[in-house]
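The values are calculated or read from the model by the stated rules, or taken from the named source; none is laboratory data. Small disclaimer: the values here were computed from a predicted structure and weren't measured. Here the Cβ positions follow ideal geometry from the backbone for every residue, glycine too, while neighbour counts run over all protein chains shown. For accessibility, only protein heavy atoms count, side chains too; no ligands or nucleic acids. Shrake-Rupley method; radii C 1.70, N 1.55, O 1.52, S 1.80 Å.
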Amino acid sequence: MDAKKPKIISARAEKFFSHMFRDISDYGIIGNMRTAALVSTDGSIDYCSMPFLDSPTIFAALLDDEKGGYFSIRPKPLFCARQEYLPDTNILACTFTTAGGEAMLFDFMPVETEHLVTVEQHRIHRCLTVRSGRIEFLLTFSPRPDYALITPHLSLEPKAITVSGNEHQLRLVHSLGDYRVLENEGGTATLSFTLEAEQNARFNMVYGKSAERPDVICDLQKNIDYWKDWLHGCLGDKCRLPGEHRETINRSLLALKLLTFSPTGAIAAAPTTSLPESIGGERNWDYRFTWLRDASFTLKAFFSLGYIMEADSFIRWLHAVYRRHGGENLRIMYSLEGESLLREKELEHLKGYRNSRPVRIGNLAHTQNQWDIYGEIMDTALRLSDYAGKIDEELWPFFRDVCALAMKNWKKPDDGIWEVRNGPYHFVYSKVMCWVALDRGIAIAKRYGFEAPVQRWIEERSAIREDILAKGYDPKKNTFVQRYGSRDLDASLLLLPLVDFLPFEDERIQGTIDACRKELMHGNFLRRYLNKDGLEGEEGGFILCNFWLVECLACSGRLREAEELLLETMRSTNHLGLFSEEFDAQRNMMLGNFPQAFSHIGCINAVTAIQNERQRRPVEKPDPSLVERLRKLIPLQTTLNEGTTAASGTDRNTGARLKSLLGALQGAFFDTSAGRVDYETMKHSRSFAEYLEIASSLRTFDPASLESDDARKAFWINIYNILIIHGVIEFDIRSSVLEIVNFFGRIVYEIGGLPYSPDDIEHGILRGNRPHPAFLLKPFGAFDKRRRFMVETFDPRIHFALVCASSSCPPIEFYDERHIDRQLDIAARSFINRRGLEIDRERQTVRLSEIFKWYERDFGRDKTEVVGYLLRYLDGDTAGYLRENTHKLIIDYLPYNWNLNSTLE
């Protein structure tokens, strides 16, 4: 797919003194992951909030071309302008061409890192350079703080314009020597200046504490490097899609990154408010917030392309919101800082984009009931466990509450995914997502042994499914319907196969896909629905829905149809590759807030689905060669961190860095269609080569530097766990580590010049040189140099932290010497309560994990002491029962499941 050509416009500067509305498509976005600005094709900043995305605007000419305020730099004579992004960045470059010369204007916001700018200021840098000839320019600075409620006084100094008349600190500093002041009244200043070839001018608009006396700078190259480093810092085999989709995906990723609020990790739906869904209509909403339903789709997009850190930051924001508000008080949306009160207010003094009233701030929809969010939250949780290999134990009560809410509310009507204002109704999609909530909750509870009424959930999940199939499906039309009792369609029904409610090949799903395409398509763009929703006016085609349809077609094997529709949908982008929320195909016009995060997420997921379908073919791995089979069977020791050179800089945190990188790799190479990590592809990736380089640095690490038992436990537990996973990768283990003869004794890391196998680490180091259960001899002999690195005091809790790559093992955790005592307590409590113990009260039998059989003496000298150890960590009724019946109980053992742990599969 060819990239769109940069847009070229012709204009005379005098024409714009009164300013005027431009098409939404005439803008690009710049930002610093705290706020953003929209810059027109001819060099005018017409929308910007400070200091954050959801703060009041400083410039809002996009919402009122007379009152809103703007900041423009352009040639005075007749000119042509050509706007584009510098490749792989969020830096806009506008080329001005006049009869007398050519100039370039670079617009960007310096990214807030310790190397670039402090967090106490927010800057817009505008860097102007004349390439040839001689050009006269006009600069118009017309700020209107607080949604244009304030017309400030501007004080002109030789090198600055200071804004006063409000509490905001705002200043425009510049490098101009000779210039003329053409205007300074009514809160607007216009300057005229002339530059010749090779001359440049710098303009910094600074908001915040440093606005007093800032330097005039243009740190262009540093910011170019930042964006390129970020874009190419992904992990996994899909992080750089080949071929015609690459530029499209890169621009979508860069746009999403701009909409990420770096202080919290939240992602705004859009940087703007009240850009209309229909010109002159009332469907004008504030999208500068985060919707919980976006979570699962956002994670899917980021993880599918290997941007693990962004997904992790978003999860951290979700965790903070969950902890703060709890289940019963959940809202469908929050502010970027996690606030739940988003009162909707109309700004009557603004006339709106092209007279589309009202202009709104806040969003009344935050008070609505939308049951689908339960499914989106739980789907997010399951995705996290797939990619990260664990679920935060402290969050499980919240997730359990979400499932309880799905059970409580699924029979009730709600306002639906589209936030209708004439509801509530029994929306099919909402009920499907309640089914999803229980389905994912069941999977997580079983996977990690979390306490939950799993059988009740299973029964209720079946009841929801039966209800939907009976009341939400129209057999005459062979399609699911928008809501019970209706025959209307809804584009959200395309999500049913994408959330695994039914498989793509099910005739009811294919019927729904075809019906949506037939009835909702208008000018090659899907409408969300056609029936009344309580609002006046119409809307354009919903770009996200097109991408859902592309994804459904691709996953159904209808690749040509998917590619054709994708190509058609791409015409809704502007010259920079940015999407709005909606598109009017008849007028070729963008509608709705811009740029729209969900449209870009949909684009990524649709393109990824097409790419996956192209690459899909029957995978029949050949039988391993004789050499490979012998390698697995002959127990020769294998050092896994050999390298040509040993990297420097090794310290006690190397194990933690390796664990972190390996966890990111597992997420990046997780194959959702197969439900397992694609270790074979990972093994040959550039990122795994980086892992091996760090692992090789362990050869120079001196374990004697670990001076405390806490430091030793944290380091060696982390090393043990990553060594196990590395062994699974190295030997391409498909089902169980038992495929490899003496697996725990033959894989080795060289550390400080000495070999360490998992057996050496577990029995020699962490168990204080206690014999392996199957052997009588101690692992380290009297003269073994490794004896000096053993823990001084044995801690039985290490058994709940060591991961043996089997389903009966504990889940993988990262251990920190500063918090290891608490971490091991959590590990012990989690393992014992969730997978280490079962009670049969009728037979007065307690069944324990075989860990307590193999290492019985590690936990006590007899049954009474073992039960006493268990009582330290058991919860509630179970602890009381054991305490009362200790001497009556029969101890038996649960069968140990050696199949690969679900976090490793």
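Taking segment 416-513 as the region of interest, the helices (runs of 4 or more DSSP H) fully inside it that hold 2 or more residues being out of contact with any Lys or Arg (no Cβ under 7 Å at 6 or more places or on another chain), open to solvent by 10 Å² or more (accessible area, probe 1.4 Å) and modelled with pLDDT of 95 or more are 454-471.
Only one entry in 372, 414 is charged (D, E, K, R) and within 28 Å of residue 313 (Cβ to Cβ), namely 372. Comparison of 729, 717, 722 shows that the only residue that is without any contact (Cβ under 8 Å) to a residue 60 or more places away in the chain and either open to solvent by 10 Å² or more (accessible area, probe 1.4 Å) or in a helix (DSSP H, G or I) (or both) is 729. Does at least one position in segment 703-711 carry a residue that is touching a Gly at 6+ places or on another chain (Cβ under 6 Å), assigned to a helix (DSSP H, G or I) and crowded, with 17+ Cβ neighbours inside 10 Å? Scanning segment 703-711 turns up at least one residue that is touching a Gly at 6+ places or on another chain (Cβ under 6 Å), assigned to a helix (DSSP H, G or I) and crowded, with 17+ Cβ neighbours inside 10 Å. Kindly indicate whether any position in segment 376-399 is in contact (Cβ under 8 Å) with a residue 12 or more places away in the chain and in contact with an Asp or Glu (Cβ under 6 Å, 6 or more places away or on another chain). Checking segment 376-399: not a single residue is in contact (Cβ under 8 Å) with a residue 12 or more places away in the chain and in contact with an Asp or Glu (Cβ under 6 Å, 6 or more places away or on another chain). Screening residue 95 on (1) modelled with pLDDT under 95; (2) among the polar types (S, T, N, Q); (3) within 39 Å of the chain's Cα centre (by Cα) shows it passes everything except condition (1). If the condition is being without any contact (Cβ under 8 Å) to a residue 40 or more places away in the chain, within 16 Å of residue 394 (Cα to Cα) and open to solvent by 50 Å² or more (accessible area, probe 1.4 Å), then segment 813-872 contributes 819, 822. Kindly establish whether residue 61 is touching a Gly at 6+ places or on another chain (Cβ under 7 Å), more than 22 Å from residue 227 (Cβ to Cβ), surrounded by 24 or more Cβ atoms within 10 Å (Cβ to Cβ) and at pLDDT 95 or above. Criteria met by residue 61.
Just one of (1) free of Cβ contacts under 8 Å to residues at least 24 places away in the same chain; (2) within 29 Å of residue 424 (Cβ to Cβ) trips up residue 362, so point out which. Condition (1) is where residue 362 drops out. Out of 733, 719, one residue alone is modelled with pLDDT of 85 or more, touching a helix residue (DSSP H, G or I) at 6+ places or on another chain (Cβ under 9 Å) and closer than 24 Å to residue 384 by Cα. It is 719.
Among the residues of this structure, residue 180 counts as one that is within 23 Å of residue 19 (Cβ to Cβ) and at pLDDT 85 or above. Residue count for segment 755-789 under the criterion of being out of contact with any Lys or Arg (no Cβ under 6 Å at 6 or more places or on another chain), over 24 Å from residue 850 (Cα atoms) and surrounded by fewer than 20 Cβ atoms within 10 Å (Cβ to Cβ): the result is 8. Restricting attention to segment 543-570, the residues that are free of Cβ contacts under 8 Å to residues at least 12 places away in the same chain and in a helix (DSSP H, G or I) add up to 3. When residue 346 is tested against (1) under 22 Å from residue 52 (Cα atoms); (2) open to solvent by less than 10 Å² (accessible area, probe 1.4 Å), only condition (2) is not met. Would it be correct to say that residue 533 is out of contact with any Pro (no Cβ under 9 Å at 6 or more places or on another chain), assigned to a helix (DSSP H, G or I) and not hydrophobic (A, V, I, L, M, F, W, C)? No: the conditions fail for residue 533. Just checking, does segment 469-486 include any residue being touching a residue at least 12 places away in the same chain (Cβ under 8 Å) and under 16 Å from residue 379 (Cβ atoms)? Scanning segment 469-486 turns up no residue that is touching a residue at least 12 places away in the same chain (Cβ under 8 Å) and under 16 Å from residue 379 (Cβ atoms).
Just to be sure before I move on: is residue 280 open to solvent by 10 Å² or more (accessible area, probe 1.4 Å) and part of a loop (DSSP other than H, G, I, E, B) in the structure I sent? Taking the combined requirement at face value, the residue satisfies it.
Going through (1) small (Gly, Ala, Ser); (2) surrounded by fewer than 23 Cβ atoms within 10 Å (Cβ to Cβ); (3) touching an Asp or Glu at 6+ places or on another chain (Cβ under 6 Å) one by one, residue 265 falls short only on (3). A single entry from 523, 534, 540 fulfils the requirement of being more than 30 Å from residue 894 (Cα to Cα), in contact with an Asp or Glu (Cβ under 9 Å, 6 or more places away or on another chain), surrounded by fewer than 23 Cβ atoms within 10 Å (Cβ to Cβ) and touching a residue at least 24 places away in the same chain (Cβ under 8 Å): 523. Restricting to segment 548-561, what's the tally of residues that are in contact with a Leu (Cβ under 8 Å, 6 or more places away or on another chain) and either open to solvent by less than 20 Å² (accessible area, probe 1.4 Å) or among the small types (Gly, Ala, Ser) (or both)? Of the residues in segment 548-561, 6 are in contact with a Leu (Cβ under 8 Å, 6 or more places away or on another chain) and either open to solvent by less than 20 Å² (accessible area, probe 1.4 Å) or among the small types (Gly, Ala, Ser) (or both). Filtered by the rule that a residue be open to solvent by less than 10 Å² (accessible area, probe 1.4 Å) and either more than 30 Å from residue 280 (Cα to Cα) or of a type outside the set (S, T, N, Q) (or both), segment 566-580 gives 566, 578, 579. Screening residue 744 on (1) among the hydrophobic types (A, V, I, L, M, F, W, C); (2) open to solvent by 10 Å² or more (accessible area, probe 1.4 Å); (3) under 17 Å from residue 642 (Cα atoms) shows it passes everything except condition (3).
A single entry from 817, 856 fulfils the requirement of being under 30 Å from residue 706 (Cα atoms), among the charged types (D, E, K, R) and under 39 Å from the mean Cα position of the chain (by Cα): 817. Contact map, segment 589-602: residues that are under 10 Å from residue 269 (Cβ atoms) and part of a loop (DSSP other than H, G, I, E, B) paired with residues that are open to solvent by less than 10 Å² (accessible area, probe 1.4 Å) and among the basic types (Lys, Arg), Cβ distance under 9 Å, separation 6+ or inter-chain. Pairs shown: 593/288. If we scan segment 689-698, do we find a residue that is part of a loop (DSSP other than H, G, I, E, B) and open to solvent by less than 10 Å² (accessible area, probe 1.4 Å)? No, segment 689-698 has no match at all. For beta carbons closer than 7 Å, sequence separation of 6+ or different chains, a first residue in segment 183-209 that is in contact (Cβ under 8 Å) with a residue 60 or more places away in the chain and of a type in the set (A, V, I, L, M) and a second that is open to solvent by less than 70 Å² (accessible area, probe 1.4 Å) and assigned to a loop (DSSP other than H, G, I, E, B), the qualifying pairs are 201/175; 201/176; 206/214.
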